[in-house]
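What follows is calculated from the coordinates using simple rules that are stated; it is not laboratory data. Only a predicted model underlies this, so the values are computations on that prediction, with no experimental measurement involved. Neighbour counts are summed over all protein chains in view; Cβ atoms, including those assigned to glycine, are modelled from backbone coordinates with ideal geometry.
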Amino acid sequence: MNFGRHARRTILSATAVIAVMAGSPGAYAADAKPKIVFVSPVTNDFFIPVAAGLKAAAEQYGWDYQFLGPPTYDAAKEADLMLTSMRTKPDAIAVAFADAEAFKKPVQDALAAGIIVLGYNTDVPSTGRLGYVGQDNVTAGKSAAERVLSLLQGKGVSKGTIILVTQNFGNVAQDQRMKGFQNAIANTPFKVTVLAAGTTDAQYIGSLEAQFRAVPEVVAIFGVDVMSKDIATFVEKNKLSGKLVSGGWNQTDVHLDAIKSGLMDFTVGPNPFLQGYFPVVLAQLRKVYGYAPVSIDTGAEFVDKSNVDEIAAREAKWKEVAKTRWH
């Protein structure tokens, strides 16, 4: 399945809508600017390009904006931040739904108050959110598994254990990616063992060390979130480069440098800049023109040695955002 081609078609369609319908910042010249608030369960490196996309779209369409999230992963804190932001009466709120249940009432309360509520990065349709911008995480997980299988086949490996790593169970997006990955491996000779490795570097690497020693015939290690950057550290420390397949999720400097140095075979990007940009566009179309928000699949972008330099140059643009107070 050419997931990237599908994503490009979706994005091009959305861009066409923007060009025709979104209007210009001048629409608010006589009135106070509308405001959109983004909330997330953590403010780690993954969300820097999300914040960059938010900033670009907000400035383009004349919106005030705010990005809120705790310094360490905390879905309950994110829900509290959403409730806090609602009291400031923004025009729109975009939420990375880290928990399947915690946001249902806040979303309904926000909608009842006339606030446009959108999901980004992680989707829970049962909340009643008006639209979603992000990956189809199950499909992306399946595509990642297919890439791992292809690389194993290229190495002549026909059986063994794949360690599938997440930082913690219960995160909607990570659980969905693991589901897609496991479904794709289910009818193959390979066995998948799942590991919740922790939310700090020390926890993650220590858990991976213990799992690697405990599981026989490990042929691949794959991580489904930004902490997968630590797989590269583990591979380097144990001199495993080229001896197994390794991959991760997201496009931080660590991921990209690991691909360049051969410590990681590939990583999967969810196009986070688009996840920050398009919710503003959807809010603009709803508020100004009355168009109901739609869902936009930002796709799964695979990065390996063939395209890592190009992607690294693009992602370097967001380093300036990291130097500012972006949350």
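Would you please give the residues with an amide H less than 5 Å from that of Tyr132, counting only those at least 5 places away or on a separate chain, with H modeled from the backbone geometry?
Excluding prolines and chain starts, which carry no amide H, the hits are Gly119, Ser295, Ile296.
If you filter region 171-242 for trypsin sites (Lys or Arg not before Pro), then keep DSSP loop positions with at most 12 other Cβ within 10 Å, what is left?
Hits after loop and neighbour filter: Lys239.
Which residues make up the longest stretch of the chain that has no chymotrypsin sites (Phe, Trp or Tyr not before Pro) in a DSSP loop with at most 14 other Cβ atoms within 10 Å?
1-168
For each of His327, His255, count neighbouring Cβ atoms within 10 Å of the residue's Cβ, then give the residues from fewest to most.
His327, His255
Once every Cα of region 157-215 carries one equal point scatterer and solvent is ignored, give the base-10 log of I(q)/I(0) from the Debye formula at q = 0.13, 0.22, 0.27 Å⁻¹, two decimals.
Reported log10 I(q)/I(0), two decimals: -0.36, -0.91, -1.11.
Kindly write out, for region 120-130 in residue order, the coupling ³J(HN,Hα) from the Karplus curve 6.51 cos²θ - 1.76 cosθ + 1.60 (θ = phi - 60°), rounded to whole Hz, with x marking Gly and Pro.
Ordered by residue, 3J(HN,Hα) equals 9, 6, 9, 10, 10, x, 5, 5, x, 3, 7 Hz.
Is it possible to state the helix-based mean residue ellipticity at 222 nm for the chain, with each DSSP H run of 4+ residues giving -39500 (n - 2.57), the sum divided by total residues, to the nearest 500 deg cm²/dmol? What is it?
Taken over the chain, the calculation gives -13500 deg cm²/dmol.
Around Glu301, which amide H atoms from residues at least 5 apart in sequence, or from another chain, sit under 5 Å from its own amide H, with H modelled in the peptide plane?
Amide H neighbours of Glu301: Gly269, Asn271.
How far, in degrees from 0 to 90, does helix 47-61 lean away from the longest principal axis of the Cα atoms of the chain, to the nearest 10?
Helix 47-61 and the main axis of the chain meet at about 30 degrees.
Between the helical axis of 3-21 and the dominant principal axis of the chain, each derived from Cα atoms, what acute angle in degrees is found, rounded to the nearest 10?
It works out to around 10 degrees.
Summarise the long-distance tail of P(r) for region 239-313 by giving the % of C-alpha pairs beyond 20 Å.
Considering region 239-313, 45 percent of its Cα-Cα pairs are separated by more than 20 Å.
So what's the angle, to the nearest 10 degrees on a 0 to 90 scale, between helix 201-214 and the longest Cα principal axis of the chain?
Result, in degrees: 40.
Write down Rg/Rh for region 137-269, rounded to two decimals, with Rg from the C-alpha atoms and Rh from the Kirkwood relation over Cα pairs.
So for region 137-269, dividing Rg by the Kirkwood Rh gives 0.92.
If the elastic network links every pair of Cα atoms under 10 Å, which of Asp80, Asp265, Asp225 fluctuates the most in the Gaussian network model of the chain?
With Cα springs under 10 Å in the chain, the top fluctuation among Asp80, Asp265, Asp225 is at Asp80.
Looking at the chain, send over the antiparallel percent of its DSSP beta bridges, to the nearest 5.
Bridges in the chain that DSSP calls antiparallel: roughly 10 percent.
Could you give log10 I(q)/I(0) at q = 0.07, 0.08, 0.10, 0.14 Å⁻¹ for the chain, computed by the Debye formula over C-alpha point scatterers of equal weight, without solvent?
Rounded to two decimals, the profile gives -0.28, -0.37, -0.57, -1.06.
Hey, what's the per residue convex hull volume over the C-alpha atoms of region 80-144, in cubic angstrom?
About 77 Å³ per residue, rounded to a whole number.
From the phi angles alone, apply the Karplus equation (6.51, -1.76, 1.60; θ = phi - 60°) to region 106-116 and give each ³J(HN,Hα) in whole Hz, x where the residue is Gly or Pro.
Result, rounded to whole Hz: x, 5, 5, 5, 5, 4, 5, 8, x, 8, 6.
First measure r as the distance between the Cβ atoms of Thr193 and Lys243, then evaluate 1/(1 + (r/R0)^6) with R0 = 22 Å and state the FRET efficiency to the nearest 0.05.
0.75
Could you please rank Lys55, Lys260, placing first whichever residue has the fewest other Cβ atoms within 10 Å of its Cβ?
The fewest-first ordering by Cβ neighbours comes to Lys260, Lys55.
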